[in-house]
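Asks: Sharing a structure, written as structure tokens. Questions coming.
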Amino acid sequence: MASKVISATIRRALTNPHGAFSRCRHLSTAAAATAVNYEDESILMKGVRISGRPLYLDMQATTPIDPRVFDAMNDSTIHEYGNPHSRTHMYGWEAENAVEVARIQVAKLIEASPKEIIFMSGATEANNTAVKGVMHFYRDTKKHVITTQTEHKCVLDSCRHLQQEGFEVTYLPVKTDGLVDLEMLKEAIRPDTGLVSIMAVNNEIGVVQPMEEIGRICKEHNVPFHTDAAQAIGKIPVDVKKWNVALMSMSAHKIYGPKGVGALYVRRRPRIRLEPLMNGGGQERGLRSGTGATQQIVGFGAACELAMKEMEYDEKWIKGLQERLLNGIREKLDGVVVNGSMDSRYVGNLNLSFAYVEGESLLMGLKEVAVSSGSACTSASLEPSYVLRALGVDEDMAHTSIRFGIGRFTTKEEIDKAVELTVKQVEKLREMSPLYEMVKEGIDIKNIQWSQH
Amino acid sequence: MVFHRLSRLGSRIVRELPRGIFMPVFGMRILHRSYGQYLQSSPMLQRQTRSLKEALFSNNRKFCTSFSTTSEKGGEETEKINVIFVDKDGEEIHIKVPIGMNILEAAHENDIELEGACEGSLACSTCHVIVMDTEYYNKLEEPTDEENDMLDLAFGLTATSRLGCQVIAKPELDGVRLAIPSATRNFAVDGFVPKPH
């Protein structure tokens with residue numbers, strides 16, 4: 001048994017050109033994709049055999065943890081185990097110091113003061129605290145919330161919950177490119193509007209909203225502006241002063257940090273007041289009681305600092321890869337539609353619809369590429385994404401959308417392989433598709449009268 | 001007899017002097033007193049007329065803006081405003097607060113249950129009071145960042161909350177109603193009330 005393992009390892013080491021990488025196969029999937037196919041290296045995943053671990057192209061769902069962030073967290077976990085709120089001994093002071101350093105790192109990324117950062121368990125908690133907290137605090141005078149139809153589920157669910165409590169919510173529609181119509185926003189604001197919540201970068205289609213203009217409108221009408229910037233920080237330049245936001249939700253695991261931590265930026269001047277969701281000893285300015293997860297917070301801070309340093313380089317790299325992906329697919333296929341504005345978009349998100357192909361079958365065919373159709377939250381449900389519906393995409397195109405997420409660690413080989421696999425799958429499915437046949441013959445599908453059996 | 005004449009003189013002066021120097025409230029009170037003093041002669045009245053004399057012959061600015069109760073005037077009374085505290089059961093307590101005194105001190109002097117754990121050094125939120133009328137709230141100065149930070153920690157915070165130790169009595173606040181919240185951040189679910197030190 002041992003000799004078999006040894007001989008297999010020797011064979012692998014001698015013949016595999018990417019010798020060093022194959023040892024850390026869990027991190028780099030480029031090697032797995034391009035390596036020669038040995039029988040004992042294939043993986044059995046849910047009854048299907050694939051040649052190696054799939055290519056990870058779902059960066060909007062989550063990102064792998066950056067090794068440098070992991071180093072910072074590891075060190076902190078072992079040595080700084082005190083409760084950061086213990087005031088009486090060195091263990092508490094050390095842990096508190098680590099948390100404060102992380103706070104400064106997060107604040108610098110968004111041009112805020114460290115006193116304005118409240119650490120939470122993630123962007124979902126931050127969104128809940130912001131939306132429900134603000135409206136509950138001002139419930140006597142403010143009864144109206146404005147948000148968009150393309151928000152993240154946690155914001156929409158919080159708004160629905162507020163509706164149950166008696167508040168009124170306006171869900172603004174978006175234009176076909178995914179951007180908010182500023183005139184509609186201006187018209188929707190009422191004297192009793194307590195909050196405007198519009199996300200900075202959409203997680204499904206990647207469009208970047210016109211934040212400065214929205215901030216200006218909110219300032220004119222004196223309405224607090226909340227934004228879910230979980231997909232935006234560390235990727236596009238964020239400035240809370242220029243955007244005039246009163247509240248901003250952030251998440252660590254979207255910027256190569258650990259899962260389970262996020263933050264809420266709460267403006268101090270002019271002060272915005274919230275009713276906290278977590279009551280207790282008054283930690284984090286009374287807005288989020290409970291012992292802070294020191295190590296997660298340290299990881300978040302380290303991730304923010306890295307993001308600040310590498311934002312420009314990452315953008316260049318990812319933009320190159322995005323163009324490679326889109327051009328590669330468009331060269332070989334027609335009927336490919338990009339969902340959302342191409343101009344005002346974050347480069348790492350590419351949401352494509354392939355006409356005459358069914359999305360689920362395409363996903364099942366793309367076994368060796370880890371992508372998503374729509375967002376991770378909507379992947380559990382059978383309905384197509386509500387974001388695409390808000391864009392006005394036809395039902396058949398909405399069903400066929402695939403979201404490619406490109407990140408800091410994606411390589412050219414991964415993109416090339418993804419293009420190859422996608423093109424192969426789409427062509428195979430289109431060959432089988434009767435609709436595609438009809439289109440090729442020149443029949444206009446929209447005018448067909450389907451008969452009921 | 002002397003007091004009677006002095007108060008008469010004072011009321012005439014008040015009528016003739018421009019309104020800018022004397023507060024209307026102050027002037028009105030003197031006018032009332034000058035009729036009322038026929039009916040009674042109280043120490044309050046004596047103090048009022050004595051203070052009128054001082055106002056006439058001394059710098060007005062000193063009179064209107066004295067901050068500490070232990071000023072060079074010693075035990076002599078300064079102008080007071082009416083403050084109404086509404087405690088957690090809804091009962092109203094009317095007190096008079098000298099101008100320049102902070103609300104926390106005034107409450108302690110009148111044995112009102114307003115806890116002031118840090119004794120007015122902006123390090124806690126236990127003297128949290130809620131200004132019941134928005135127009136009185138707007139008459140107060142903007143809270144500083146430090147006060148706002150402490151207020152964030154207060155129990156039962158509202159949009160018109162202030163820290164009592166930072167509210168200094170001034171004539172515009174006459175008649176202000178301050179509600180005391182039902183609890184402070186120092187948990188006392190057993191009903192314990194700490195004594196002011």
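The values are calculated or read from the model by the stated rules, or taken from the named source; none is laboratory data. Computed from a predicted model, the values in this text were never measured in an experiment. Cβ placement follows ideal geometry from the backbone for every residue including glycine, while neighbour counts extend to all protein chains displayed. For accessibility, only protein heavy atoms count, side chains too; no ligands or nucleic acids. Shrake-Rupley method; radii C 1.70, N 1.55, O 1.52, S 1.80 Å.
Asks: Are there trypsin sites (Lys or Arg not before Pro) in segment A:271-307 that DSSP puts in a loop and that have at most 16 other Cβ atoms within 10 Å, and which ones?
Replies: Details: sites: A:ARG271, A:ARG273, A:ARG285, A:ARG288; in loops: A:ARG271, A:ARG273.
Those satisfying the criteria are A:ARG271.
Asks: Within 10 Å of each Cβ of B:141-154, how many other protein chain Cβ atoms are there on average? Working shown, then result.
Replies: Details: counts 0, 2, 1, 0, 5, 0, 0, 5, 5, 2, 3, 11, 6, 2.
Neighbouring Cβ atoms belonging to other protein chains average 3 per residue here.
Asks: Still on this model: I need the shape label for segment A:67-306. Rule: rounded when a/c is under 1.5, else prolate if a/b > b/c, else oblate, with a, b, c from the alpha carbon gyration tensor. Walk me through the numbers on the way to the answer.
Replies: On the way: a/c = 2.21, a/b = 1.62, b/c = 1.36.
Verdict is prolate for segment A:67-306.
Asks: For segment B:80-179, rounded, prolate or oblate, judged on the Cα gyration tensor with a ≥ b ≥ c (square roots of eigenvalues), a/c < 1.5 rounded, else prolate if a/b > b/c? Display every interim value, and only then the final one.
Replies: Values: a/c = 1.33, a/b = 1.24, b/c = 1.08.
Verdict is rounded for segment B:80-179.
Asks: If the cut-off is a Cα-Cα distance under 20 Å, which lysines reach B:LYS195, setting aside same-chain residues fewer than 8 apart in sequence?
Replies: Leaving aside lysines fewer than 8 places away in the same chain, those within reach of B:LYS195 are B:LYS88.
Asks: Let me ask something additional. Probe radius 1.4 Å, ligands and nucleic acids left out: which of A:TRP243, A:TRP450, A:TRP93, A:TRP317 has the largest accessible area, and how do the rest follow?
Replies: Working: A:TRP243 20, A:TRP450 160, A:TRP93 130, A:TRP317 75 Å².
In descending accessible area the options line up as A:TRP450, A:TRP93, A:TRP317, A:TRP243.
Asks: Continuing with the same structure: Using a 10 Å cut-off on Cβ atoms, rank the peptides A:349-358, A:124-133, A:307-316 from the highest mean neighbour count down. Could the numbers behind the result be given before it?
Replies: Details: A:349-358: 22.9, A:124-133: 25.5, A:307-316: 15.2.
Peptide ranking by packing, descending: A:124-133, A:349-358, A:307-316.
Asks: In what sequence, highest mean first, do A:42-48, A:432-438 appear when ranked by Cβ atoms within 10 angstrom?
Replies: Values: A:42-48: 9.4, A:432-438: 13.7.
Sorting A:42-48, A:432-438 by mean packing, highest first, produces A:432-438, A:42-48.
Asks: Multiply the residue gap between A:ARG160 and A:GLU41 by 0.36 nm, knock off their C-alpha separation, and tell me the result in nm, one decimal place.
Replies: 38.0 nm
Asks: May I pose another question? Rounded to the nearest 100 Å², what is the sum over both chains of accessible area buried where A meets B, with a probe of 1.4 Å? Before the final figure, lay out each step's value.
Replies: Numbers: alone 22100 and 12130 Å², together 33210 Å².
Separately minus together, A and B give about 1000 Å² buried.
Asks: How many Cβ atoms of partner chains, on average, are near each residue of A:261-268 if near means within 10 Å of its Cβ? Walk me through the intermediate numbers first.
Replies: Values: counts 0, 0, 0, 0, 0, 1, 0, 4.
Mean number of neighbouring Cβ atoms from other chains: 1.
Asks: Determine the shape class of chain A: with a ≥ b ≥ c the square roots of the Cα gyration tensor eigenvalues, call it rounded for a/c under 1.5, and otherwise prolate if a/b is greater than b/c, oblate otherwise.
Replies: Values: a/c = 2.27, a/b = 1.19, b/c = 1.91.
Because a/c hits 1.5 or more and a/b fails to exceed b/c, chain A counts as oblate.
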